[in-house]
Amino acid sequence: MKTYNLIVVFNTELNKVLMCKRMKEPYKGLYNFPGGKVEENEDYYSSCKRELWEETGLDIEIKPVFTTEYFYEQQENIKLVVYCGISNSMDVKAELNPLEWLDINRNFSYDMFAGEGNCEHILRCALLRIFE
């Protein structure tokens, strides 16, 4: 089983979320949260901090939202680790995938977002966690 992470980053007003537009499969051309693969012998927190820095240039405080396992048709079972945080800066530096701040109240339709419709659910879970 492979383990991947996603980091849901909000602006300080909590009305925008940072998304990347995927440049390769899976989900090429669709928006997704920044994230990547958890390396062997790497804890979840460290992997999220590393991926966030590599993909966005952000070094912010993050906290866990949830960890889940799911089946992805083109691969084996996957464990997904989700963290969230708030960025005081909207100045980000894309590594590979272009980055955009999107309104959190937009329609998270299947044709624009990765994850078989799970982006909105992940976003709402992260919002709840931010307020804890």
Tell me the label-point distance for the pair Thr12, Phe131, using the 7 Å Cα-to-Cβ offset, in nm and rounded to one decimal.
2.1 nm
Among Phe66, Phe33, Phe113, which one moves the most in a GNM of the chain with springs linking Cα atoms closer than 10 Å?
Phe66
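Would you calculate a helix-derived [θ] at 222 nm for the chain, using -39,500 (n - 2.57) for each DSSP H run of n ≥ 4 and dividing by the full residue count, to the nearest 500?
Details: 2 runs with 25 residues, N = 132.
Dividing the helical sum by the residues of the chain leaves -6000 deg cm²/dmol.
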Eligible aspartates and glutamates near Lys21 by straight Cα distance, threshold 18 Å, same-chain separation 8 or greater
Glu51, Glu54, Glu55, Asp91, Glu95, Glu100, Asp103, Asp111, Glu116, Glu120
Need one number: % antiparallel among DSSP beta bridges in the chain, to the nearest 5.
65 percent
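Computing the accessible area with a 1.4 Å probe over protein heavy atoms, can you report the carbon and sulfur percentage for the range 6-99? Don't jump to the answer; show the numbers that get you there.
Working: 2360 of 5050 Å².
Carbon with sulfur: 47 percent of the solvent-accessible area.
How big is the C-alpha Rg of the range 1-99 next to the rule-of-thumb value 2.2 N^0.38 Å, as a ratio?
Values: Rg = 13.1 Å, N = 99, 2.2 N^0.38 = 12.6 Å.
Working it through for the range 1-99, the quotient is 1.04.
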Most fluctuating residue of Ile86, Ile78, Ile104 in a GNM of the chain with Cα springs under 10 Å: which is it?
Ile78
Send over a whole-number figure in Å² for the accessible area per residue of the chain, probe 1.4 Å.
55 Å²
Relative contact order for the chain: what percent, with Cα pairs under 8 Å and sequence separation of 6 or more?
33 percent
Under a no-solvent Debye model with one identical scatterer per Cα of the range 79-132, what's log10 I(q)/I(0) at q = 0.13, 0.14, 0.20 Å⁻¹?
-0.40, -0.47, -0.98
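The values are calculated or read from the model by the stated rules, or taken from the named source; none is laboratory data. Here the structure is a predicted model, which is why all the values come from computation and not from measurement. Please note: Cβ atoms are built from the backbone with ideal geometry, for glycine as well, and neighbour counts cover all protein chains shown. The accessibility values were calculated without ligands, DNA or RNA, using every heavy atom of the protein model including side chains. Shrake-Rupley method; radii C 1.70, N 1.55, O 1.52, S 1.80 Å.
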